[in-house]
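Chemist: The structure is given below, and queries will be raised subsequently.
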Amino acid sequence: MKKFKKMLASAFAFALAISGLSAMPVQAGQDTSALEDGTAYLNINKSDWSDFEAEYTNVKITGDGSYTVSMTAAEPVDMGEFNALEVVNGEAVMGTGSVITVDSIKINGEEVTLQGPSYTCSADGAGVNTRVNLYNEYNTPDETATAGDDKHIDQRVAEGSVMDATATLIDKEARTGISTLEVAFTVSGFGTAAAEGGASAPAADVEGPAVAHLSINKSDWSAFEAEYVDAEITGDGTYTVSMTAAEAVDMGEFNALEVANGELLLGTAYTITVDSIKINGEEVTLQGPSYTCSADGGGVNTRVNLYNEYNNPDDTATAGDDKHIDHRVAEGAVMDATAKLIDAEARTGVTTLEVTFTVAGVGNAAAAGEETEPELPALDLNGEYHAYFGLQTPTFSFRNAFDDATYGRDSDVFNQITGWDSENNAIVKPGTFTDAVIAGNGTYTVSVDGMDLSGDFASQEYFNLIFLSTDIPNTGEITISDMKLEIDGRDVTIAPIVSPDSLSYINMLIQNIWNDDVKEIGYYQVPPTAMKITFTVSGFAYDNTSAAVNEPEATPEAPSEAAPAPTEAPADNTGSEGGMSPVVIVIIVVAVVAVIAVAAVVVTKKKKSGK
């Protein structure tokens, strides 16, 4: 969870690196929300993903030339798994064909040896910020650009193609005890655009083999020593991959079987079915059927989730989570499958992991436009429905949408604010929600009172998310209007929108820092103790008979004991562009920028993403 939370805090700056869950404003190390478009800055993260004090020297990119950015930390820090040079809205300011080349990196005043050529990419494939990875353990350059990971498709490093470049310019051992970091770089091709089509090489030019491998992560997201046995996919048939760890590990929130370039080499409609999983030599009971998806919705690698707390199968494929739209598991539709084949309790003390799987339909391609419209729940124009107050703070204290798969109305934590302690354990924060029964046309109110969000706004003086969640089917027949927001009794200026991810139910976004339409709202002081949303509902076949303003029903007061450990990135799955995570971290999430987002939110639709 540590990684996923930081991912989200880094603006899907790496977006589980965990759709999306997902482009967000970066808040790792420095607050970049006030930086001008075209400003280059360092996005530096500590190894424990915590905040730290530092002074940054940023620079405005005005054209081709050489520039320098730097960081001076108040105390020496150990850099984490994701660190980058980024340019605010660089894709628009510099052009999608511009190139940033890192010339030198100095740590504590000494120039370090670069581990290879740098490469330029669109941060998280979002087409907004521009990124050059300085040290990113979660990504590698992508020459095809079909995954959205490298929109700078004309770029070729001096030694050859962009695939010869590296996402880890800094040596792993050089990341400790850093007091100063200085990056000198050259910008070329300023104002040029990438060629139409977004790919430097057609899929047919991608060379094999298609290799299946395990992507296993520890619970604390740290590195560990292990030997892996991969499998080359040569056609339909049964294969086995495995991992043997030097020491027993506890597996984290994201673990998967993946096939490098599987979508390009084997077809977008082939399927992978997990037949068995052995942990420490013993076959475990699968928690449901597996499903095949395009990793991160990128259309490049193929993925089968073994244990992924940030995602669920998507039958519509609109989120990019399941491009294998012809795939149906034996028991029924892909929605009957699970992203958690392994039981949560079976992930501890893992020394060996072996996965046997069957590949079918190699060479098959999903038909263009085959995505199906979601099947909406039936709307009863004479029925009763419900509305709920949703929120997320900068430290990811949250109440998610009612239909969130893990933290929604059917969970034990829905009627509370769930936060995190210093060890990233889930805890209950004070706050009592009052929900509303929607009984016909009328005006309604939802609210939260008695909150104590002390410490949640140290890095950001506004919420990540404020939203209204309803279980009203989004058929277009019901309208929510005249929304008003009060925070601690004072009106706040808002311009709410229907969430673009509200495929099944009507969810109204008031503030979502990952959606430019509602990223900024009127001023309010934080942390607040009380918030209220008032709104009008129309379109039902009857009017609210009780009054113009319906008295909402109160949900049970939040229990005082600690909440159970979370199993998914804490984010509203109605509005991220993505969803984290951290992980994210997936994560996060990614979002994700709409893919990636539920991490959160999106984060639920986004796994590890980012560039």
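The values are calculated or read from the model by the stated rules, or taken from the named source; none is laboratory data. Source: prediction; values computed, not measured. Cβ coordinates were reconstructed from backbone atoms using ideal geometry, including for glycine residues, and neighbour counts include every protein chain displayed. For accessibility, only protein heavy atoms count, side chains too; no ligands or nucleic acids. Shrake-Rupley method; radii C 1.70, N 1.55, O 1.52, S 1.80 Å.
Chemist: Checking Ser290 against (1) within 24 Å of Pro209 (Cα to Cα); (2) of a type in the set (Ser, Thr, Tyr); (3) open to solvent by 40 Å² or more (accessible area, probe 1.4 Å), only one condition comes out false. Which one?
Modeler: (3)
Chemist: Determine whether segment 531-549 contains at least one residue that is within 26 Å of Ser411 (Cβ to Cβ), open to solvent by 40 Å² or more (accessible area, probe 1.4 Å) and modelled with pLDDT under 95.
Modeler: No: segment 531-549 contains no residue that is within 26 Å of Ser411 (Cβ to Cβ), open to solvent by 40 Å² or more (accessible area, probe 1.4 Å) and modelled with pLDDT under 95.
Chemist: Against the conditions (1) modelled with pLDDT of 90 or more; (2) under 30 Å from Thr434 (Cβ atoms); (3) out of contact with any Pro (no Cβ under 9 Å at 6 or more places or on another chain), where does Ser397 fall short? Just the number, please.
Modeler: Unmet condition: (3).
Chemist: Let me ask you something else. I need a count of the residues in segment 80-98 that are in contact with a strand residue (DSSP E or B) (Cβ under 9 Å, 6 or more places away or on another chain) and either within 18 Å of Asn58 (Cα to Cα) or open to solvent by 10 Å² or more (accessible area, probe 1.4 Å) (or both).
Modeler: 13
Chemist: Give the number of residues within segment 403-448 that are touching a His at 6+ places or on another chain (Cβ under 9 Å) and open to solvent by 20 Å² or more (accessible area, probe 1.4 Å).
Modeler: 2
Chemist: Just one of the numbered conditions (1) open to solvent by less than 50 Å² (accessible area, probe 1.4 Å); (2) at pLDDT 75 or above is not true of Ala145; which one?
Modeler: For Ala145, the exception is condition (2).
Chemist: Can you tell which of Val69, Val77 is at pLDDT 75 or above, in contact with a strand residue (DSSP E or B) (Cβ under 9 Å, 6 or more places away or on another chain), open to solvent by less than 20 Å² (accessible area, probe 1.4 Å) and more than 19 Å from Ala184 (Cα to Cα)?
Modeler: That would be Val77, the only listed residue that is at pLDDT 75 or above, in contact with a strand residue (DSSP E or B) (Cβ under 9 Å, 6 or more places away or on another chain), open to solvent by less than 20 Å² (accessible area, probe 1.4 Å) and more than 19 Å from Ala184 (Cα to Cα).
Chemist: Also, I was wondering about something else. Of the numbered conditions (1) modelled with pLDDT of 85 or more; (2) in contact with a Gly (Cβ under 6 Å, 6 or more places away or on another chain), Ser104 satisfies every one except a single condition; which is it?
Modeler: (2)
Chemist: Give the residues of segment 502-530 that are at pLDDT below 90, crowded, with 19+ Cβ neighbours inside 10 Å and closer than 17 Å to Gly476 by Cα, sorted by residue number.
Modeler: Correct list: Ser502 only.
Chemist: Is it the case that segment 233-250 has a residue that's surrounded by 14 or more Cβ atoms within 10 Å (Cβ to Cβ), at pLDDT 90 or above, over 22 Å from the mean Cα position of the chain (by Cα) and of a type in the set (D, E, K, R)?
Modeler: Within segment 233-250, not a single residue is surrounded by 14 or more Cβ atoms within 10 Å (Cβ to Cβ), at pLDDT 90 or above, over 22 Å from the mean Cα position of the chain (by Cα) and of a type in the set (D, E, K, R).
Chemist: With respect to Arg399, is the statement that it is of a type in the set (D, E, K, R) and surrounded by 22 or more Cβ atoms within 10 Å (Cβ to Cβ) true?
Modeler: Yes; evaluated as a whole, the condition is true for this residue.
Chemist: Restricting attention to segment 473-496, which residues are crowded, with 21+ Cβ neighbours inside 10 Å and under 26 Å from the mean Cα position of the chain (by Cα)?
Modeler: Across segment 473-496, the qualifying residue is only Pro496.
Chemist: Same structure again: So if I check each of Ala360, Ala387, Ala439, which one is among the aliphatic types (A, V, I, L, M) and at pLDDT below 90?
Modeler: Testing whether each residue is among the aliphatic types (A, V, I, L, M) and at pLDDT below 90 leaves just Ala360.
Chemist: So which of Ala203, Ala194, Ala210 is modelled with pLDDT under 90, surrounded by fewer than 17 Cβ atoms within 10 Å (Cβ to Cβ) and hydrophobic (A, V, I, L, M, F, W, C)?
Modeler: Going through Ala203, Ala194, Ala210 in turn, the sole match is Ala203.
Chemist: Need pairs with beta-carbon distance below 9 Å; first residue on the phi > 0 side of the Ramachandran plot and within segment 64-80, second assigned to a strand (DSSP E or B); sequence gap 6+ or separate chains.
Modeler: Final answer for the pair search is Gly65/Thr186; Gly65/Val187; Gly65/Ser188.
Chemist: Can you confirm whether Glu258 is in contact with a helix residue (DSSP H, G or I) (Cβ under 8 Å, 6 or more places away or on another chain), part of a strand (DSSP E or B), at pLDDT 85 or above and over 19 Å from Gly349 (Cα atoms)?
Modeler: It is true that Glu258 is in contact with a helix residue (DSSP H, G or I) (Cβ under 8 Å, 6 or more places away or on another chain), part of a strand (DSSP E or B), at pLDDT 85 or above and over 19 Å from Gly349 (Cα atoms).
Chemist: Please verify whether Thr186 is modelled with pLDDT of 80 or more, farther than 30 Å from Asp250 by Cα and open to solvent by 30 Å² or more (accessible area, probe 1.4 Å), treating the condition exactly as stated.
Modeler: Taking the combined requirement at face value, the residue satisfies it.
Chemist: While we're looking at this one, here's another question. What single numbered condition from (1) buried (at least 19 other Cβ atoms within 10 Å of the Cβ); (2) modelled with pLDDT of 85 or more fails to hold for Glu263?
Modeler: (2)
Chemist: A further question on this structure: Can you pull out the residues in segment 473-497 that are over 12 Å from Ile533 (Cα atoms), out of contact with any strand residue (DSSP E or B) (no Cβ under 6 Å at 6 or more places or on another chain) and part of a strand (DSSP E or B)?
Modeler: Pro473
Chemist: What number of residues within segment 39-76 satisfy the criterion of being closer than 18 Å to Leu169 by Cβ and either in contact with a Phe, Trp or Tyr (Cβ under 6 Å, 6 or more places away or on another chain) or part of a strand (DSSP E or B) (or both)?
Modeler: 11
Chemist: State whether one or more residues within segment 401-409 are part of a strand (DSSP E or B), over 21 Å from the mean Cα position of the chain (by Cα) and either within 30 Å of Phe540 (Cα to Cα) or not basic (Lys, Arg) (or both).
Modeler: no
Chemist: Looking only at segment 99-119, how many residues end up being part of a strand (DSSP E or B) and open to solvent by 30 Å² or more (accessible area, probe 1.4 Å)?
Modeler: Of the residues in that region, 5 qualify.
Chemist: Taking segment 441-472 as the region of interest, how many residues are part of a strand (DSSP E or B), within 23 Å of the chain's Cα centre (by Cα) and more than 19 Å from Asp380 (Cα to Cα)?
Modeler: Total meeting the criteria: 4.
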